[in-house]
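The numbers here are math on the coordinates, done by the rules we state, and not lab data. Computed from a predicted model, the values in this text were never measured in an experiment. Here the Cβ is made from the backbone with ideal geometry for all residues, glycine too, and neighbour counts use every protein chain on show.
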There are 2 protein chains.
Amino acid sequence: MAISNKIKGFMGQSSWIRKMFEEGDKLKKQYGADQVYDFSLGNPNIDPPDCFQEHLTRIVGMDTPGRHAYMPNAGYPETRAAVAAFLGQGHDVALSADHILMTCGAGGALNVILKTLLDPGEEVLTPAPFFVEYRFYADNAGGVLKTVKTNEDFSLDLAAMAEAINDKTKVVLINSPNNPTGKVYDEATIRKLAALMEEKGKALGKIIYLVSDEPYGEIVYDGVQVPSILKAYANSVIATSYSKSLSLPGERIGFIAVNPRILEIDDVINGMVLCNRILGFVNAPALMQRVIAGIQGMRVDVSEYQRKRDLLCDGLAAGGYDFQKPEGAFYLFPKSPIPDDVAFVKALQKRRILTVPGSGFGGPGHFRIAYCVDDRTIINAMDGFVETMKEFRK
Amino acid sequence: MAISNKIKGFMGQSSWIRKMFEEGDKLKKQYGADQVYDFSLGNPNIDPPDCFQEHLTRIVGMDTPGRHAYMPNAGYPETRAAVAAFLGQGHDVALSADHILMTCGAGGALNVILKTLLDPGEEVLTPAPFFVEYRFYADNAGGVLKTVKTNEDFSLDLAAMAEAINDKTKVVLINSPNNPTGKVYDEATIRKLAALMEEKGKALGKIIYLVSDEPYGEIVYDGVQVPSILKAYANSVIATSYSKSLSLPGERIGFIAVNPRILEIDDVINGMVLCNRILGFVNAPALMQRVIAGIQGMRVDVSEYQRKRDLLCDGLAAGGYDFQKPEGAFYLFPKSPIPDDVAFVKALQKRRILTVPGSGFGGPGHFRIAYCVDDRTIINAMDGFVETMKEFRK
């Protein structure tokens with residue numbers, strides 16, 4: 001065989017998803033893109049806020065020497081200080097530039113974190129349904145991802161988590177607001193999770209790290225707040241990006257925030273800086289680092305996503321769909337009316353509606369609707385959603 | 001222990017280099033940055049060409065919808081087509097967008113390539129002296145880097161290469177123009193290397209890939225040309241970036257070019273696209289992809305580096321230094337007058353001259369001078385270089 005057996009295997013496993021995307025592409029060519037209702041991708045359709053464009057234009061116009069050169073692998077000190085100041089305020093935790101490492105998005109951040117922390121075979125626990133790339137990220141670092149079931153409403157099942165933690169557990173990885181469910185773990189739950197991890201860590205004589213993947217942290221509805229893991233648990237790290245809060249996923253700009261109370265903090269931070277370099281990221285893109293430093297706290301108009309969520313939820317509820325109303329992110333994860341979620345997604349596809357089977361997220365019997373789309377896509381797809389449900393309820 | 005044992009070990013191994021950088025920083029604080037002659041970093045000091053700034057300004061001013069959104073993991077089709085057209089012309093090889101994968105610099109490219117190709121324990125052979133990060137890149141993908149000695153003038157030692165190739169060899173990784181030596185492998189040598197690899201591949205019944213890391217491909221002097229590996233060897237891949245040709249290292253924009261004649265081409269390309277995603281790069285930064293599409297073939301004024309090279313070489317030759325005149329890149333790799341290159345580098349440091357010991361590049365008994373610095377740094381450091389040499393020649 002030519003290429004790596006593992007990569008060949010990964011390609012084989014994901015071939016059914018690729019096939020579905022290819023089917024979708026075929027439909028678009030056959031009927032025209034506007035006649036296909038594509039809810040398959042988490043690609044924000046809202047433009048970045050005006051302040052971003054203004055600040056980008058200003059920064060590009062500045063004649064700063066060496067403005068596209070290498071900087072320290074952790075990022076520009078000014079950018080890290082700006083991120084620390086804003087984030088620290090939000091978390092009510094004293095953060096400095098030293099606690100921030102700029103990364104190529106949250107995907108880069110998570111790879112750097114896991115590479116820094118994991119020894120071969122160590123386990124990363126994550127509540128399912130989950131963002132399926134986590135499995136690859138853990139594997140990249142020589143670790144193993146283990147999923148932990150959640151409750152019916154996708155809240156954390158702490159008893160299941162307690163059972164899953166063992167002497168191989170190095171990281172508990174949470175994602176809140178969650179992709180694909182839109183669930184936000186509340187403060188009481190995070191506090192209980194922290195207590196559980198502390199207790200288990202003591203019993204096992206080791207550190208268990210809490211890694212919180214929060215790229216949707218700013219996309220929350222109805223006044224819901226994402227609780228601070230930095231306050232809740234000392235050995236915690238945040239991975240996040242501006243991909244969703246500023247609609248910049250293609251620019252690959254994010255960061256890691258390390259809890260100032262984390263044990264052996266120098267090793268953790270220096271290890272992450274080393275990993276950022278040796279994994280080939282080297283540093284987060286320079287220009288975007290300079291831009292985001294000046295627009296901390298800015299974000300897209302979240303009420304637009306909320307309107308889309310409500311439009312979708314109201315329509316689907318009337319059509320007989322069963323789902324948990326998302327508290328954040330821009331995904332809905334309804335139950336499939338039949339156990340075979342792939343079959344149901346294929347039935348939707350026949351009505352030119354593209355979604356993703358829940359099996360791809362460790363949530364079989366469900367499917368994911370990414371509603372970061374034009375309102376009219378939701379409106380025009382609604383008949384198809386309703387008719388498809390009727391077929392299966394006959 | 002808290003963090004990964006491997007990463008902790010890596011930090012320990014590189015701590016002496018860090019210490020030297022810290023010493024340099026101390027000197028800068030003590031004497032002022034302009035009184036310290038810093039030749040330690042390959043950070044281009046020449047600004048990007050004017051066309052870059054003009055094109056960047058134009059692109060930023062365009063109101064393209066979704067201009068910061070995700071695109072296919074391989075990159076924008078238009079960018080890939082533009083890169084393929086220009087590169088294909090240079091190599092006299094028919095390339096299309098399908099053969100190009102945009103990456104987060106050459107560091108990202110190499111990690112994607114090695115992850116795609118290597119099975120656990122497979123070997124990557126590279127001529128030494130070499131860019132020291134290769135060791136990490138191979139390890140990241142579960143492989144092992146093995147170095148192969150070069151001739152006295154840093155040209156390839158094909159007999160040593162022949163001896164090193166065995167049934168675990170999956171990749172031969174070359175870097176021409178070379179960091180740290182400035183050597184460019186000529187066409188006859190590349191042809192012989194290709195013949196050797198074909199013969200060995202046949203004898204071993206396997207594909208051995210030639211990976212050419214060419215970020216300095218445009219930085220060549222005296223009419224020297226970097227021969228095309230795409231023409232020379234079917235199972236070949238180029239990793240490169242605009243970091244040096246356009247002075248953009250902080251922006252992390254580069255690409256992989258896959259030989260259209262490579263065996264099992266679909267697996268190779270699809271594997272790389274998957275790896276670009278799962279390693280956390282996801283895609284090369286969007287804005288820079290759009291910018292470089294419009295300025296293919298542009299580059300910094302290489303005559304500036306040539307002037308610096310000559311200034312440095314003339315001064316050091318007069319001072320009794322022994323070295324190979326670089327044919328490309330912006331590094332000089334002179335012999336240390338004593339076997340202990342670390343001791344010699346420390347002696348230079350006493351005269352506020354910062355360089356890197358050759359041991360750090362698998363080239364003990366040498367040291368690296370990165371001459372991508374102001375002319376006056378070279379001029380002002382020359383007395384110190386000459387005096388230090390005198391000390392050791394007493």
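Values computed for the structure shown
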quantity	calculated
Environment charge of residue B:377, counting only residues whose C-beta is closer than 10 Å and scoring Lys/Arg +1, Asp/Glu -1	-2
Amide proton proximity set for residue A:255, modelled H, under 5 Å, gap of 5+	A:103, A:240, A:241
Neighbouring partner chain Cβ atoms per residue of B:247-256, average, 10 Å criterion	5
Label point 7 Å beyond Cα of residue B:195 along Cβ direction - residues of region B:165-187 with amide nitrogen under 14 Å	B:187
Antiparallel %, DSSP beta bridges [both residues in region B:188-290], to 5	55 percent
q = 0.15, 0.17 Å⁻¹, region A:251-394: log10 I(q)/I(0) [Debye, one scatterer per Cα]	-0.85, -0.93
Principal-axis tilt of helix B:341-350 within chain B, Cα atoms, nearest 10 degrees	60 degrees
Environment charge at residue A:101 (Cβ cut-off 13 Å; Lys +1, Arg +1, Asp -1, Glu -1)	+2
Rel. contact order, % - alpha carbon contacts under 8 angstrom, at least six apart, region B:282-366	19 percent
Between helix A:265-278 and chain A: long-axis angle, C-alpha atoms, 0 to 90°, nearest 10	60 degrees
Sequence ranges A:170-178, B:191-199, ranked by mean other-Cβ count within 10 angstrom, highest first	A:170-178, B:191-199
Among B:232, B:106, B:74: highest mean-square fluctuation, GNM of chain B, C-alpha pairs under 10 Å	B:232
Sequence-separation-based contact order of chain B, relative, with Cα cut under 8 Å and 6+ spacing, percent	23 percent
Across A:206/A:325; A:8/B:8; A:231/B:28; B:149/B:192; A:8/B:146, pairs whose alpha-carbon gap is larger than 27 Å	A:206/A:325; A:8/B:8; A:231/B:28
Net charge over other residues, Cβ less than 9 angstrom from the Cβ of residue B:239 (K, R count +1; D, E count -1)	-2
Average beta-carbon neighbours from other chains, 10 Å sphere, peptide A:110-116	3
Under the Karplus curve 6.51 cos²θ - 1.76 cosθ + 1.60, θ = phi - 60°, whole-Hz ³J(HN,Hα) for region B:204-211, x wherever Gly or Pro sits	8, x, 7, 8, 10, 8, 9, 10
Of A:341, A:34, A:63, the one that fluctuates the most in a GNM where chain A has Cα springs shorter than 10 Å	A:63
Within chain B, percent of DSSP bridges classed antiparallel, to nearest 5	45 percent
Per-q log10 I(q)/I(0), chain B, q = 0.07 Å⁻¹ (Debye; single scatterer per alpha-carbon; no solvent)	-0.33
Angle in degrees between helix B:302-318 and the longest Cα principal axis of chain B, rounded to the nearest 10	30 degrees
Sparse-neighbour loop sites [GluC sites (Glu not before Pro); region A:136-187; at most 11 other C-beta within 10 Å; DSSP]	A:152
Exercise: per-residue mean of other protein chain Cβ atoms within 10 Å, B:64-76	4
Region B:239-283: relative contact order as a whole-number percent, Cα under 8 Å and 6+ apart	25 percent
Prolate/oblate/rounded call for the protein assembly as shown, Cα gyration tensor, a/c under 1.5 rounded	prolate
Label distances, nm, residue A:195 versus same residue in remaining copies, Cβ-directed 7 Å point	7.6
Helix-only CD estimate at 222 nm, as mean residue ellipticity for the protein assembly as shown, using -39500 (n - 2.57) per DSSP H run (n ≥ 4)	-13500 deg cm²/dmol
Derived scalar couplings ³J(HN,Hα) [region A:361-376; Karplus, 6.51 cos²θ - 1.76 cosθ + 1.60; whole Hz; x for Gly, Pro]	10, x, x, x, x, 10, 8, 9, 10, 8, 9, 7, 9, 4, 3, 5
Built amide H within the under 5 Å cut-off of residue B:368, gap 5+	B:356, B:358
5 angstrom amide H check on residue B:172, placed H, neighbours 5+ away	B:125, B:209, B:210, B:211
Most mobile listed residue (B:165, B:338, B:292) in chain B, GNM with C-alpha springs under 10 Å	B:338
